[in-house]
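Beneath this line is the structure, given in structure tokens, with notes to follow.
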């Protein structure tokens, strides 16, 4: 795996699904894409916030900062049935941490999971905690609509839980680095070095590091510096001859000197540059006595109210570029220390940074774990320390030596990433760009690869005279700058680019190719669960339906017509399209299963999503369970519904799969056998998706494809290696094979993809 791919794994997000930004193979992308204030409602009860030592000082919010409140919904008897969204996300990230702890996972991959845990948590503070801090400043009476917690109460609970997870993370890091040392790679400190080695490092420090350092001492003539988010600083408590104490700060993050300093006298032995700087602080602060020292790291709020700062008289793209810069300057929400220092001095630092003490965390592990990827590169020569290499396979539904478009006109195709390659879709776009019968290509773009083949095909199409309409979502969190640049590239090529809809993100994965063959209009429609990103298609599990069904094409055309006019469709017969006709239709289909159950007939709902927070849908699922509807759910990340509670949710079975690949696909199943409806979708069941975004779900009509999706879903439910089952107490229990054969659903799907291709090749040989 190259560095770009590893960085992608380390991202999302949030996403973050965090999520979604991939944040991760297991985040961005949930965090990065889950930032609305949809779970808040007013309550007159007084806020009971515990005494706070650390956190931001209360300041008056600007008048233009508003919170979107969800309309009240019909209440059910919900005691003990809901889970707080933020605490549920922390449970998800704990499941990521468990992968780093699991000795059955190869060592290098455990290091990756540990890095992902940290990057996920960083983004969580940037987005979710930042948003809660804003809510707390705005009102002490706002309560989220499921567990009735105020913003302050949620922050208190988060900080307590994060402290516990940090302790566990530190222990896992120590264990992993011990194993790394046993494999011959060492991260050392000065205690383990000889005098000659220490002398070498001192000379190296004075010659290679000192000239590049920006040394600061806080005083009347030098104010406390602005600490950049996620960057590392060395902090020193300095004693003067007059017994006064001063604060010294040195930035340690630099693109000039390396993060890992090699010890030349020992094989594969390194020291972190921040530890080197910290050790030699007396060499820098001459005339002062270094009383205490620590490495520090600040996390800043990244939750920007786009509408509040948007000026309609300015160019939208230019304004978005300004907003991206603004994010770097927002208020801090967390301060991390590598070493404990005097409480009074911590208090002083917090006052400078406008934080309160509960937001300060002491970590034993390095504050930035990104260097682990460098160590992985050294260890990867040992194949036992990494996952078995897997390559996306060709789809058995397509003939690789023939054009794609004629095959799509013949039959629907379902691609399953990363087990199958994204190349057929890219080939289809390239064919469309050159096809004289193609008159237009329309796409919604949310996140793109750095070297995007999708953009290449669209620009070629525009240059060939096709009408190319592209919605580029500039509010894709943490990808704004990338999307701004791609929008310029597309415009320069002659594409018609729009940037979204006021008040809504466009998160749909929709592509429409329109052909005119004689007097006939043909549509080829692609609806997916994941972004048009070649890199993440190898890391995320996603589904992509490509169909020539005219009914789907006509409705997709209406979706694009609405988007180009800055509006949304009101209703559709076949597609489910948020924000107007997805949530209500999902609820209607759940209600239909309820009525069938009340008639004494078998009723069933099967759902595969990243997150569940939409209270209207949750309450309807509770109603369905009470009515006897059997409900199976595979939910990777946030889940605000507790299952298995007698009389309420005992017909609901929920599992979470955290593994090698980020589970990102969305599947909706209603009913069984001849009345069964199956959809794939871009939307999770979160209010931010169902109410505040443009999302598209498409029905899958082909019997063979429906059978395939059913089999995939059953396989995921049967996973007894990577799956965790949610218990009625709100805890996730990792499933064990027991007497059954071990089943890792992700590995099963990859093996199936390899076997399908092998079988296809054998059939070719026989026919020849």
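The values are calculated or read from the model by the stated rules, or taken from the named source; none is laboratory data. Owing to the predicted nature of the structure, the values given are computational and were not obtained by experimental measurement. As a convention, Cβ positions derive from the backbone with ideal geometry for all residues, glycine included, and neighbour counts pool all protein chains shown.
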Subset of region 225-262, residues under 18 Å from residue 193 (Cβ atoms) and surrounded by 17 or more Cβ atoms within 10 Å (Cβ to Cβ), comes to 261
What number goes with the only condition from (1) in a helix (DSSP H, G or I); (2) within 25 Å of residue 718 (Cα to Cα); (3) touching a strand residue (DSSP E or B) at 6+ places or on another chain (Cβ under 9 Å) that residue 626 does not pass? (3)
Counted residues, region 670-686 - those being assigned to a loop (DSSP other than H, G, I, E, B) and crowded, with 24+ Cβ neighbours inside 10 Å: 4
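Rundown of residues vs (1) assigned to a strand (DSSP E or B); (2) within 19 Å of the chain's Cα centre (by Cα), yes/no style:
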{"site": "470", "(1), (2)": "yes, no"}
{"site": "475", "(1), (2)": "no, yes"}
{"site": "485", "(1), (2)": "no, no"}
{"site": "508", "(1), (2)": "no, yes"}
{"site": "523", "(1), (2)": "yes, no"}
{"site": "541", "(1), (2)": "yes, yes"}
{"site": "546", "(1), (2)": "yes, no"}
Condition test on residue 516, is it closer than 30 Å to residue 747 by Cα and surrounded by fewer than 24 Cβ atoms within 10 Å (Cβ to Cβ)? no
If you check residue 626 against the conditions, is it at negative phi, crowded, with 22+ Cβ neighbours inside 10 Å and at pLDDT 95 or above? no
Do we find that residue 529 is surrounded by fewer than 18 Cβ atoms within 10 Å (Cβ to Cβ) and farther than 20 Å from residue 431 by Cα in this structure? no
Just a yes or no: is a residue in region 230-239 in the same structural domain as residue 336 (by TED's automatic domain parsing) and more than 24 Å from residue 362 (Cβ to Cβ)? no
Count of residues meeting criterion [buried (at least 20 other Cβ atoms within 10 Å of the Cβ) and out of contact with any strand residue (DSSP E or B) (no Cβ under 6 Å at 6 or more places or on another chain)] in region 597-615: 6
Filter region 268-308 for residues that are under 31 Å from the mean Cα position of the chain (by Cα) and assigned to a loop (DSSP other than H, G, I, E, B); the one that is surrounded by the fewest Cβ atoms within 10 Å (Cβ to Cβ) is 305
Only one of 577, 586, 569 is within 30 Å of residue 514 (Cβ to Cβ), in a strand (DSSP E or B) and in contact with a helix residue (DSSP H, G or I) (Cβ under 8 Å, 6 or more places away or on another chain). Can you tell me which? 577
Residue under question is residue 365, and the condition is that it be over 23 Å from the mean Cα position of the chain (by Cα), modelled with pLDDT of 90 or more and within 30 Å of residue 132 (Cα to Cα); does it hold? yes
With the condition kept exactly as written, say whether any residue in region 750-768 is modelled with pLDDT under 95, in a loop (DSSP other than H, G, I, E, B) and not assigned by TED's automatic domain parsing to the domain that holds residue 538. yes
Every pair of residues 6+ apart whose Cβ atoms lie under 8 Å, when the first sits in region 202-214 and is over 15 Å from residue 275 (Cα atoms) while the second is loosely packed, with under 10 Cβ neighbours inside 10 Å: 212/256
Does residue 265 satisfy being surrounded by fewer than 19 Cβ atoms within 10 Å (Cβ to Cβ), at pLDDT below 95 and touching a helix residue (DSSP H, G or I) at 6+ places or on another chain (Cβ under 6 Å)? yes
Reported set for region 405-449 where residues are touching a helix residue (DSSP H, G or I) at 6+ places or on another chain (Cβ under 8 Å), assigned to a strand (DSSP E or B) and more than 12 Å from residue 534 (Cβ to Cβ) is 413, 414, 415, 416, 420, 438, 441, 442, 443, 444, 445
Within region 327-340, the residues that are surrounded by 15 or more Cβ atoms within 10 Å (Cβ to Cβ) and over 13 Å from residue 233 (Cβ atoms) are 327, 330, 331, 333, 334
Go over the candidates 164, 202 one by one and state the one that is surrounded by fewer than 16 Cβ atoms within 10 Å (Cβ to Cβ), modelled with pLDDT of 95 or more and under 37 Å from the mean Cα position of the chain (by Cα). 164
Any chance you could count how many residues in region 738-748 are out of contact with any helix residue (DSSP H, G or I) (no Cβ under 7 Å at 6 or more places or on another chain) and surrounded by 11 or more Cβ atoms within 10 Å (Cβ to Cβ)? 5
